[in-house]
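The values are calculated or read from the model by the stated rules, or taken from the named source; none is laboratory data. All of these numbers come straight from a predicted model, not from anything done at the bench. Reconstructed Cβ throughout: ideal geometry from the backbone, glycine too, with neighbour counts over all protein chains shown. SASA here: full protein model, heavy atoms, side chains in, ligands and nucleic acids out. Shrake-Rupley method; radii C 1.70, N 1.55, O 1.52, S 1.80 Å.
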Amino acid sequence: EEVRVHLSCFLEQTVFRSFDLLLDTIGFFPKIRLSWLGPSAIPDTLHHLHRNIQAYLTQNRLADGHERFRPHITLARQSVSSEWTPEFPIKWQVTRLALMQSVLSHEPGVHPEYRILYEKKAISGND
């Protein structure tokens, strides 16, 4: 709970503009057997936002700062690697930032529950 309060206060002060994310790459995290869709290039706005959040987490000892940043959308858990490539990219407009919690079940076949702990809207590109 303390971590959530820390992050919510920090994110409340965070300002970012909406941006487009081009989802054009299929990937696989073998250690956790997770298939994902993500961008081959990280937009400057997202890179800057991540850098600021990571610095805050590291300074407040909420993270060690050594994790590799790989923005993605989870396609499947407990999956296998695939050589499939998207026929065309998906353009996704990012208009909000959400602090999410995934709650995994220990029961076989039960999907994780995703909870929004904090949400903030981006300022539009014209503001």
Original post:
Based on DSSP, what percent of beta bridges with both residues in the chain are antiparallel, to the nearest 5?
Top reply: 95
Original post:
Measuring from label point to label point, each 7 Å out along Cα→Cβ, what is the His50 to Phe19 span in nm?
Top reply: 1.0
**OP:** Quote the Stokes-Einstein diffusion coefficient, in whole µm² s⁻¹, for the chain, based on the Kirkwood radius over alpha carbon pairs, a temperature of 25 °C and a viscosity of 0.890 mPa s.
**Re:** 148
Original post:
At a 1.4 Å probe radius, carbon and sulfur cover how many percent of the accessible area of segment 1-43?
Top reply: 60
Original post:
So, in nm, how far is label Glu1 from label Ser102 when the simple model puts each one 7 Å beyond its Cα toward the Cβ?
Top reply: 2.6
**OP:** Answer with one residue from Phe29, Leu97, Gln59: the one whose Cα lies farthest towards the positive end of the charge dipole of the chain, charges on Cβ with Lys, Arg +1 and Asp, Glu -1.
**Re:** Gln59
Original post:
What part of the accessible area of segment 76-127, given as a whole %, is carbon or sulfur when the probe is 1.4 angstrom?
Top reply: 54
Original post:
Ranked highest first by average number of other Cβ atoms within 10 Å, how do 35-44, 115-124 line up?
Top reply: 35-44, 115-124
Original post:
Excluding ligands, DNA and RNA, what is the solvent-accessible area per residue of the chain at a probe of 1.4 Å, expressed in Å²?
Top reply: 74
